[in-house]
Amino acid sequence: MLNILYHYVFWYPLVMSTMWIIGGLLYYMRRERQASPPLIETPLVSILIPCYNEEATIEETIKHLDNLNYPSYEVIVINDGSKDGTVNVLKK
């Protein structure tokens, strides 16, 4: 009985994981590998930045987002009641 349990505990995960890997590869090769059609136009993307006491880093974050290589996006900064000078940096 113990021998049967040993074989089950060893072989079942090995066989099932092999089947999952083969199934994943087949799914990738039949469905996901196909090239997606090119976009006619790029959709507008909204980037939301929640900030709380981010006076030291928010300006750098917005500068990096300003240099994105995407044609149609907007940056929305959400001030969550900061107690430092985050508001002054955002107004600037």
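Looking at region 28-61, which of the residues that are at pLDDT below 90 and in a helix (DSSP H, G or I) is nearest to the chain's Cα centre (by Cα)? Filtering region 28-61 for residues that are at pLDDT below 90 and in a helix (DSSP H, G or I), the one nearest to the chain's Cα centre (by Cα) comes out as 32. Here residue 80 fulfils each of the conditions (1) surrounded by 10 or more Cβ atoms within 10 Å (Cβ to Cβ); (2) modelled with pLDDT of 90 or more apart from (2). Here is the figure for region 50-67: residues that are within 11 Å of residue 82 (Cβ to Cβ) and either hydroxyl-bearing (Ser, Thr, Tyr) or out of contact with any Ser or Thr (no Cβ under 8 Å at 6 or more places or on another chain) (or both) total 2. When you look at residue 71, is it loosely packed, with under 15 Cβ neighbours inside 10 Å, out of contact with any Lys or Arg (no Cβ under 6 Å at 6 or more places or on another chain) and part of a loop (DSSP other than H, G, I, E, B), yes or no? Yes: the conditions hold for residue 71.
The values are calculated or read from the model by the stated rules, or taken from the named source; none is laboratory data. It should be emphasised that the depicted structure is a prediction, and the values quoted were computed from it without experimental measurement. Cβ: placed from backbone, ideal geometry, glycine included. Neighbour counts: every protein chain shown.
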